[in-house]
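> Sharing a structure with you now.
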Amino acid sequence: MQTLTVSLGERSYPILIGTGLLRSRELLAPQLSGRNAVLISNTVVAPLYAQLLKHSLEGQRVLEVILPDGEQHKTLATASRVFDVLIANRIGRDAVVLALGGGVVGDLAGFVAACYQRGVDLVQIPTTLLAHVDSSVGGKTAVNHPGGKNMIGAFHQPRAVIADTDLLQTLPDRELRAGLAEVIKYGLICDPIFFDWIEANVDALLARSAQALSHAIYRSCQIKAQIVARDEREHGERALLNLGHTFGHAIESATGYVDWQHGEAVGTGMLIAAEMSQRLGNLDPSVVGRLRALLQRAGLPVAAPRIGAARAFDYMSVDKKVHAGRVRLVLLTGLGRAVVTSDYPDAALRDTLAAHFG
Ligand code: NAD
Ligand code: GLY
């Protein structure tokens, strides 16, 4: 097992990465220390792993709340139903929420933990690659609103992240690929050596080599932990982690959060951001070419849906990344170098949107 720390003073917490972690009573029991557990999962993940987790928590009271599967259920209405269950079962402030699932379960369970009785403890147990490398770390929790993704949420750091890489063996290929988009993101924003490593190891990652996956997860979490420790509330540097997200959110919102996986939308969004950076003369075309080729080798889409530039811009304008009336974008200035900026010619954004969204 490898351990990383998200250093946030007295709210610091470990990220434990390894195999067989869900089977380990010694590791899981101390997370509860006799308190009530609320296990939040969904109809796909619970049948696979809830029993194993409960077995490792034997002797502790565990209330199970099983959500419907899918991004379309990451809503205030679903969160409200969870609150109903917690209140009906007289769950108190000393409870620990265990979020067992991908980013959808993690974000919703995290939001519930942030709000229930003004905040209860949370342990993230990610089950998708995307959740291993991104959503379980850093304390962003949220639900979607019809007007925009993740519009209602809170920062609520977990007490621990338990990343058991065994759980990735049951992940559908499409979800594995979606998670790779976020792994590629870390190389693009700050680590060209890691980008080279992903290029060299993409086949091993797709084949679910335990060694390759654990390196990808460790390095991704290490980069995210460092950035979150320096800028927890996204006043500056943390916004770099949103590379591709503003374009990607337009794709997800316009397609009703159903047709595109979040990671897929981020992958295409990163390519759009890279091409806009090239359009501005700030990025060598060879980097755009390498990114496109890597996304394709990872089996990720590289063409946005033709929803129209105006509609894409509307969705981008309700995104949280709007600042003083301008859409803030994460753009690249080199491989492993990114900037957050609202200082770009409007025509460059207009032309980029027209080229990609029609
Ligand atoms: P997801 O949670 O919908 O999971 C994808 C699918 O895989 C689902 O059908 C799920 O039930 C299934 N699944 C999960 N684990 C499985 C397993 N081990 N075996 C078999 N099937 C499994 O999608 P995701 O890509 O994990 O997360 C996307 C969400 O994460 C989005 O809502 C996005 O906004 C959010 N997100 C949040 C942050 C953050 O910092 N909080 C960061 C990135 C993304
Ligand atoms: N996924 C972006 C962030 O956590 O800040």
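> Which value, in nm² and rounded to one decimal, describes the direction-averaged projected area of the C-alpha convex hull of the range 308-358?
3.8 nm²
> Then there is this: From the phi of every residue in the range 237-248, what ³J(HN,Hα) in whole Hz does the Karplus formula 6.51 cos²θ - 1.76 cosθ + 1.60 yield, where θ is phi - 60° and glycine or proline is x?
3, 4, 4, 4, 5, 8, 3, x, 6, 5, 5, x
> Would you work out if the range 107-158 is rounded, prolate or oblate? Take a ≥ b ≥ c from the square roots of the eigenvalues of the alpha-carbon gyration tensor; rounded if a/c is under 1.5, else prolate when a/b is larger than b/c, oblate otherwise.
Here the range 107-158 falls in the oblate category.
> Let me ask something else about it. Give me the count of lysine pairs in the chain whose alpha carbons sit under 23 angstrom apart, restricted to pairs 8 or more positions apart or on different chains.
18
> A further question on this structure: First select every other residue whose beta carbon is under 10 angstrom from the beta carbon of G263; then total the charges, Lys and Arg +1, Asp and Glu -1.
-1
> Sticking with this structure for a sec: For the range 1-119, what does the accessible surface come to per residue with a 1.4 Å probe? Please give it in Å².
Per residue, the range 1-119 has an accessible area of 46 Å².
> Related question: Convex hull volume of the Cα atoms in the chain, per residue, in Å³?
Dividing the Cα hull volume of the chain by its residues yields 119 Å³.
> Quick one: Debye curve from the C-alpha atoms of the range 131-233, no solvent, what's log10 I(q)/I(0) at q = 0.10 Å⁻¹?
With one equal scatterer per Cα and no solvent, log10 I(q)/I(0) is -0.31.
> To continue, here is another question. Ignoring ligands and nucleic acids, what accessible area does R11 show with a 1.4 Å probe (Å², nearest 10)?
110 Å²
> Under 5 Å between amide hydrogens, which residues at least 5 positions from N42 or on another chain qualify, with H placed 1.01 Å from N in the peptide plane?
Under 5 Å from the amide H of N42: L67.
> Looking at the range 46-199, what % of its DSSP beta bridges pair antiparallel, to the nearest 5?
For the range 46-199, the DSSP antiparallel bridge percentage is about 35.
> Mind ordering 96-103, 144-151, 221-228 by average Cβ neighbours within 10 Å, highest first?
Ranked by mean Cβ neighbours within 10 Å, highest first: 96-103, 221-228, 144-151.
> Further, regarding this structure: Determine the sum of side-chain charges near Y13: Lys and Arg each +1, Asp and Glu each -1, restricted to other residues whose C-beta is under 11 angstrom from that of Y13.
0
> Over the range 232-292, calculate the relative contact order: mean separation of alpha carbon pairs under 8 Å at least 6 apart, over the residue count, as a percent.
30 percent
> When DSSP beta bridges are limited to those with both residues in the chain, what percentage is antiparallel, rounded to the nearest 5?
Counting DSSP beta bridges with both partners in the chain, the antiparallel share is about 45 percent.
> Against the longest principal axis of the chain, how steep is helix 103-115, in degrees 0 to 90 to the nearest 10, with axes from Cα atoms?
For helix 103-115, the angle is close to 60 degrees.
> What part of the accessible area of the range 21-145, given as a whole %, is carbon or sulfur when the probe is 1.4 angstrom?
52 percent
> Output the 0 to 90 degree angle, nearest 10, between the alpha-carbon long axis of helix 262-279 and the longest principal axis computed from the alpha carbons of the chain.
Tilt of helix 262-279: around 30 degrees.
> Shifting gears a bit: If you place +1 on the Cβ of every Lys and Arg and -1 on the Cβ of every Asp and Glu, how big does the dipole about the Cα centre of the chain come out, in debye to the nearest 20?
My answer is approximately 480 debye.
> How high is the relative contact order of the chain, in percent, with contacts defined as C-alpha pairs under 8 Å that are six or more residues apart?
15 percent
> Please list 334-346, 38-50, 259-271 highest first by mean number of surrounding beta-carbon atoms within 10 Å per residue.
259-271, 38-50, 334-346
> Give the angle, between 0 and 90 degrees and rounded to the nearest 10, that separates the Cα long axis of helix 285-297 from the longest principal axis of the Cα atoms of the chain.
40 degrees
> Further question on the same structure: In a GNM of the chain with a 10 Å cut-off on Cα contacts, which of G281, G299, G244 has the highest mean-square fluctuation?
G281
> Considering only the other residues whose Cβ falls under 10 Å of the Cβ of E252, what net charge follows from Lys and Arg at +1 and Asp and Glu at -1?
That works out to -2.
> Hey, what number do you get for the chain at 222 nm if only DSSP H runs of n ≥ 4 count, each worth -39500 (n - 2.57), divided across all residues, to the nearest 500?
-14500 deg cm²/dmol
> Given a 1.4 angstrom probe, what's the average accessible area per residue across the range 207-358, in square angstrom?
For the range 207-358, the solvent-accessible area averages 40 Å² per residue.
> Which residue fluctuates the most in the chain, going by a Gaussian network model with Cα springs under 10 Å, if the choices are R297, R118, R23?
R118
> Below 8 Å between Cα atoms, with a sequence gap of 6+, how large is the relative contact order for the range 64-164 in percent?
Rounded, it is 27 percent for the range 64-164.
The values are calculated or read from the model by the stated rules, or taken from the named source; none is laboratory data. Please read these numbers as outputs of a predicted model, since none were measured by experiment. Every residue, glycine as well, gets a Cβ built from its backbone with ideal geometry; the counts of neighbours run over all protein chains shown. Areas reflect the complete protein model, heavy atoms only, side chains present, ligands, DNA and RNA absent. Shrake-Rupley method; radii C 1.70, N 1.55, O 1.52, S 1.80 Å.
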